[in-house]
Structures are given as C-alpha cells and as structure tokens.
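Inspection log for the structure reproduced underneath, given as structure tokens.
The values are calculated or read from the model by the stated rules, or taken from the named source; none is laboratory data. Note that the structure is predicted; figures quoted are calculated from it, not measured. Because the Cβ atoms are built from the backbone with ideal geometry, glycine has one as well, and the counts that use them run over all protein chains shown. Remember, those area values only see protein heavy atoms, side chains included, never the ligands or the DNA or RNA. Shrake-Rupley method; radii C 1.70, N 1.55, O 1.52, S 1.80 Å.
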Amino acid sequence: MVEEKNLRIGDQTFFVELLRDRGLIVGRLEARVTGPMAASRSHDWEFDPGIEAIVAPYTMAAHAYMSESLGVDTQARYEVLSEEAHKQWNWNRGEAKGNSFACTSPDLSRALRRNPHLRVLVASGHYDLGTPYSASNWSLAQLDVPADVLARVEHHYYDAGHMMYTREADMMKLKRDLAAWLAA
C-alpha cells in the first residue's frame, strides 16, 4: 500500500488502513481510540472513534452549564461539532474566502517581533493526528524570528491526543506546565 501510494499516505487512508487486519479504524484527534470497521471492510473512514468517545460527556457538560449557570433552555439539540457551521468559517485573510488550512506562522512571527513581552506556550499531544506535534514543531521552526525571540516560545508534549486534558495525568501535567509558564 505505501509503495503503491508513492510514500504519500493521506490521513484518512492511514486511519482506515493502519489496523485493517484487526477490523479497526483509528481516531484522528485521539489515535489511541479505535472503533470497529464496517463488516464490508470498506475503505471509508466513516467516523472518528476519538470524538465519539467524548461527544456524550461534552454534550452533557454543555447542557448542564447552559441550563444551570446561564439559564439557557437546553431542549434544543446541541452539536459538539457541526460540519455545517465549520463550512461557513472563512480561514483566509482579507477579502479572500475559503475554508482550507490556515497558516498563522507569519502572524505569530510578526506579533513576537513587535511585542517583546509576548510569550507563547504550545501544548501538543503525541496521539493527536489532527494537529500532529511534529507539524507544530515544523511550524515553530519556520517562524521568521531571531533566536532570542524564538526563546519566548515554549513547546510542551503530552501522552494524549488533541485534548490532552481528557487524560487525567496529562491534565495535571498541563496544569503544572501552565502554572510554571505563567509564573515565569
């Protein structure tokens, strides 16, 4: 398969093919979570098992917060992730319209150079295949700033996925890292 694709494996192909021999698909935002593949063993990645694992608790927490703290009627359906809403987002700058990947590296570079007091904390989960830590490493390495400015950027890693705070050990590590960063 890898040679067939000329070493260019798309993310959805990876999610479906990695554990195909076991009949499982892999989560995008939390790669440690798997789900059953269709009995037909299709090549379609039909859902993200990592998202499915947290949708119910997130929805319950959102409903509780909206009704108990904000006094909002929660009889309406609440969608944790809405493809329709995401399609409406404009990721481009200025007049250009579009919904593709956003590159904020030039903006961050400029902000770091303009503000000598700006410090940045980046948190990455090792099992996040939506925003891989290696992509964050690469993006940070591409910042157009001198070394002394780049020293104001800290990158911390966690043994969880995209939302490292869903794993208690990493939530505690994130809390410690954030407290130390704020104290510095």
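When the residues of segment 113-143 are filtered to those that are of a type in the set (D, E, K, R) and part of a loop (DSSP other than H, G, I, E, B), which remaining residue is surrounded by the most Cβ atoms within 10 Å (Cβ to Cβ)? The residue in question is ASP128. The residue of segment 97-109 that is modelled with the highest pLDDT, among those that are in a loop (DSSP other than H, G, I, E, B) and closer than 14 Å to ALA141 by Cα, is THR104. Being of a type in the set (A, V, I, L, M) and in contact (Cβ under 8 Å) with a residue 12 or more places away in the chain is the filter; apply it to segment 164-184 and report the residue that is least open to solvent (accessible area, probe 1.4 Å). Among those residues, the one meeting the criterion is MET164.
Conditions (1) out of contact with any helix residue (DSSP H, G or I) (no Cβ under 8 Å at 6 or more places or on another chain); (2) under 17 Å from LEU129 (Cβ atoms), marked per residue:
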{"site": "THR34", "(1), (2)": "no, yes"}
{"site": "SER40", "(1), (2)": "yes, no"}
{"site": "ILE51", "(1), (2)": "yes, yes"}
{"site": "SER67", "(1), (2)": "yes, no"}
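Going through (1) more than 23 Å from PHE101 (Cβ to Cβ); (2) basic (Lys, Arg); (3) in contact with an Asp or Glu (Cβ under 9 Å, 6 or more places away or on another chain) one by one, ARG28 falls short only on (1). Can you name the residue in segment 72-96 that is under 15 Å from MET60 (Cβ atoms) and either touching a Cys at 6+ places or on another chain (Cβ under 7 Å) or surrounded by 10 or more Cβ atoms within 10 Å (Cβ to Cβ) (or both) and is also modelled with the highest pLDDT among such residues? Among those residues, the one meeting the criterion is VAL72. Checked against (1) at positive phi; (2) open to solvent by 100 Å² or more (accessible area, probe 1.4 Å), ALA39 passes all but condition (1).
Tell me whether segment 152-166 contains one or more residues that are aliphatic (A, V, I, L, M) and more than 15 Å from the chain's Cα centre (by Cα). For segment 152-166, residues aliphatic (A, V, I, L, M) and more than 15 Å from the chain's Cα centre (by Cα): present.
Output the number of residues of segment 1-32 satisfying the condition of being among the aromatic types (Phe, Trp, Tyr) and open to solvent by 40 Å² or more (accessible area, probe 1.4 Å).
The number of residues fulfilling the criteria is 1.
Sub-7 Å Cβ pairs linking a first residue in segment 144-163 that is at pLDDT 95 or above and outside any loop (DSSP other than H, G, I, E, B) to a second residue that is among the aromatic types (Phe, Trp, Tyr) and open to solvent by 50 Å² or more (accessible area, probe 1.4 Å), at least 6 apart or interchain, are TYR157/TYR133, ordered by first then second residue.
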